[in-house]
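The values are calculated or read from the model by the stated rules, or taken from the named source; none is laboratory data. Quick caveat, the model's predicted, so the values are computed rather than measured. Cβ sites come from the backbone with ideal geometry, for glycine too, and all protein chains shown count toward neighbours.
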C-alpha cells in the first residue's frame, strides 16, 4: 500500500486507541527491536484483520471474564502544544460493567452497567459533581473495549510476523510494521485539504498463546511545511481474570439515592 501522502491529521480523533527506540517513533530501544525474538511459525495468516485473531482474542478474554484495558495517545512537535490522553478501563465481560478513568485533569470517572445506565463523577474546585444517565449510547460497552482497538488498529497496516519472545513470563508472538509503504495512510486521517507526508512508522502487536492480544502500538511521524509531528497510540490488555470491575463507593451511594437495584 504505497499511500504515504495523506491529509492533515486531526490528532484527537486519530487512532482511537492508547503513546519509544533510537530510529523510529515509538520504537523499542536499541538498533534492532527484534533482537530478542526467536523464529517461529505465525499462528495467524496476514493481513491480520482477515484472520481469526480478533475472534480468538475476544474468546480468550471472555473466558477470563474480565480485563484491564489501558489506552494512551500522545502527539508532539509541529506548531501545536501537543496532546496526551490516558484512559484506564476495568472491564467485566461476565456482566457487562465498565469502570473508566480518563486523564489528564480534570479526571473523569465513569461507571457503566450493561443496561446502559451510566454514572459520572467530575471534580470541581473543591468537590465533585455527579450525574446519572439511562440508555447511554456514548462511550464503549464492555465488549467494545475488548474488540474496538483491534478493529481500528489491524487494518491500518500490513503487519508481518517477526517471531516469539517472553513478556511478563508469557510467550508472545510479535507482529510489526516499520515500512511507511506498508501503511494504509488514508485510514489515519479524517478530512482536510492540507497534504502531509508519512515519513516513519513503528507499529507492534503482541499476541499470547491463548490468542489474547496483550499489546498494541502504532507510532508514526508526519512531515508538513518543514515541521514534523510524532503521534503514538498504545493499548494494553492486562490482568485478565484478575481485574476488579466492581463499582466504587460513590457509585453505590448514587444507586442508593436513585434506588437503582436492577442493573
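Just for the stretch 129-162: of the residues that are modelled with pLDDT of 90 or more and part of a loop (DSSP other than H, G, I, E, B), which one is surrounded by the most Cβ atoms within 10 Å (Cβ to Cβ)?
159
Please identify the pairs in which a residue from the stretch 150-173 that is over 19 Å from residue 56 (Cα atoms) has its Cβ atom under 8 Å from the Cβ atom of a residue that is at pLDDT 90 or above and part of a helix (DSSP H, G or I), counting only partners at least 6 apart or on another chain.
Close Cβ pairs (under 8 Å, with a partner that is at pLDDT 90 or above and part of a helix (DSSP H, G or I)) amount to 157/182; 158/182.
Of the conditions (1) modelled with pLDDT of 95 or more; (2) outside any strand (DSSP E or B), residue 72 satisfies every one except a single condition; which number is it?
Result: residue 72 fails condition (2) only.
Given the stretch 168-263, what strands (runs of 3 or more DSSP E) lie entirely inside it while holding 1 or more residues that are surrounded by 13 or more Cβ atoms within 10 Å (Cβ to Cβ) and modelled with pLDDT under 85?
Ranges flagged: 195-208, 213-224, 227-238.
Just a yes or no: is a residue in the stretch 52-68 more than 22 Å from residue 152 (Cβ to Cβ), at pLDDT 85 or above, in contact with a strand residue (DSSP E or B) (Cβ under 9 Å, 6 or more places away or on another chain) and part of a loop (DSSP other than H, G, I, E, B)?
Within the stretch 52-68, one or more residues are more than 22 Å from residue 152 (Cβ to Cβ), at pLDDT 85 or above, in contact with a strand residue (DSSP E or B) (Cβ under 9 Å, 6 or more places away or on another chain) and part of a loop (DSSP other than H, G, I, E, B).
For residue 126, all conditions in the list (1) surrounded by 15 or more Cβ atoms within 10 Å (Cβ to Cβ); (2) part of a loop (DSSP other than H, G, I, E, B) hold save one; what is the number of the exception?
Residue 126 satisfies all of (1) surrounded by 15 or more Cβ atoms within 10 Å (Cβ to Cβ); (2) part of a loop (DSSP other than H, G, I, E, B) except (1).
Assuming residue 89 fulfils every condition listed in (1) modelled with pLDDT of 95 or more; (2) assigned to a helix (DSSP H, G or I) apart from one, which condition is it?
All conditions pass for residue 89, except number (2).
Please verify whether residue 44 is over 20 Å from the mean Cα position of the chain (by Cα), buried (at least 18 other Cβ atoms within 10 Å of the Cβ) and part of a loop (DSSP other than H, G, I, E, B), treating the condition exactly as stated.
Judged against the criteria, residue 44 is a match.
Does the stretch 114-123 hold any residues that are closer than 13 Å to residue 251 by Cα and not in a loop (DSSP other than H, G, I, E, B), and which are they?
118, 119, 120, 121, 122
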